[in-house]
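Every number in this text was worked out from the coordinates using simple rules, so none of it is lab data. Model, not experiment: these values are computed from the prediction. Positions of Cβ are backbone-derived with ideal geometry, glycine not excepted, and every protein chain shown enters the neighbour counts.
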Amino acid sequence: MSANKKALVTGGTRGIGRAIVKEFAADSDYSHIAFVYASSDERAKELVEELKPTGKEILPYKTDASSFEQVQQTVTDAVGKMGGLDVLVNNAGITRDNLLLRMSEQDFDDVIKVNLKSVFNFTKAVLRTMIKQRYGRIINISSVVGIIGNPGQANYVASKAGVIGFTKSLARELASRNITANAVAPGYISTDMTDKLTDEQRDALVKNIPLGRVGDPQDVAKVVRFLCSNAADYITGQVITVDGGLTM
Ligand code: NAP
């Protein structure tokens with residue numbers, strides 16, 4: 001499968017998700033790209049406008065990724081309008097950081113719902129279509145902290161480790177249907193999610209990154225594009241770390 005690909009990206013309005021939408025839009029293999037966001041209507045409109053010159057069908061959906069019902073409706077509509085779905089990128093995510101002693105039940109539940117349950121919601125909603133097509137590429141955005149842990153992020157780390165386990169099970173369940181599932185684990189990427197750090201904290205972090213800089217959203221988007229391309233047809237169940245060498 002190499003032309004007229006249809007993709008759906010969650011969390012497409014900002015940061016890594018936005019870079020992934022743009023990466024697909026710049027790739028001649030893709031004809032339709034749907035993206036999902038929570039509340040940034042203006043950013044969604046801007047992105048659609050920005051990508052108009054590509055001539056591709058860009059479909060924005062305001063959908064709470066943690067809601068099973070909303071996701072079912074969105075996927076049904078998007079698959080109908082695009083005429084199928086080849087690529088799903090589960091990227092939407094939030095943080096509600098706190099030391100465990102101070103972490104509320106709400107903060108734990110919200111992070112698990114948006115970061116992990118959303119992956120179940122979208123994957124389940126697209127599966128029948130991909131199985132029928134006998135083709136699918138599913139990419140789940142995890143995090144390096146899902147592998148190594150992080151103080152103050154027990155909820156987030158649990159969700160991201162969960163995403164890795166989910167991805168591997170999915171890869172095993174669906175390999176015979178020509179559907180691959182891989183996780184991408186970014187390190188420190190410059191987005192709204194990470195802009196809360198002070199310059200000092202940022203400098204200290206960069207000192208530990210062998211490649212000597214924080215990542216850009218495009219650093220992750222390029223790997224996602226590769227994993228969805230024919231060049232990655234024999235890769236499934238993997239966790240690809242994109243962290244400038246931070247956790248090697
Ligand atoms: P970001 O800049 O904060 O953007 C988050 C995106 O997710 C936005 O498009 C947001 O939509 C959407 N979103 C949030 N909650 C949602 C919900 N309930 N339903 C639908 N969409 C929702 O985040 P980012 O830094 O690009 O991170 C993207 C992914 O990479 C996340 O899964 C994150 O955990 C992971 N990651 C990031 C880093 C990093 O350093 N940045 C490192 C490792 C992993 P709105 O614009 O409408 O709010």
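Observations on the structure shown:
Here's the yes/no breakdown for (1) under 30 Å from Glu105 (Cβ atoms); (2) part of a helix (DSSP H, G or I):
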position: Ile147; (1), (2): yes, yes
position: Pro151; (1), (2): yes, no
position: Lys168; (1), (2): yes, yes
position: Glu173; (1), (2): no, yes
position: Thr180; (1), (2): no, no
position: Lys196; (1), (2): yes, no
position: Glu200; (1), (2): no, yes
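- Any hit, region 175-195, residues being away from the ligand (no atom under 13 Å from the Cβ) and without any contact (Cβ under 8 Å) to a residue 40 or more places away in the chain: yes
- Subset of region 95-116 (residues that are closer than 13 Å to Asp64 by Cα and surrounded by fewer than 19 Cβ atoms within 10 Å (Cβ to Cβ)): Asp110, Lys113
- Evaluated against (1) touching a strand residue (DSSP E or B) at 6+ places or on another chain (Cβ under 8 Å); (2) β-branched (Val, Ile, Thr); (3) under 22 Å from Asp219 (Cβ atoms); (4) surrounded by fewer than 19 Cβ atoms within 10 Å (Cβ to Cβ), Ile20 falls short on exactly one condition, (4).
- Residue list for region 203-248, restricted to those being of a type in the set (Ser, Thr, Tyr) and under 14 Å from the mean Cα position of the chain (by Cα): Thr241
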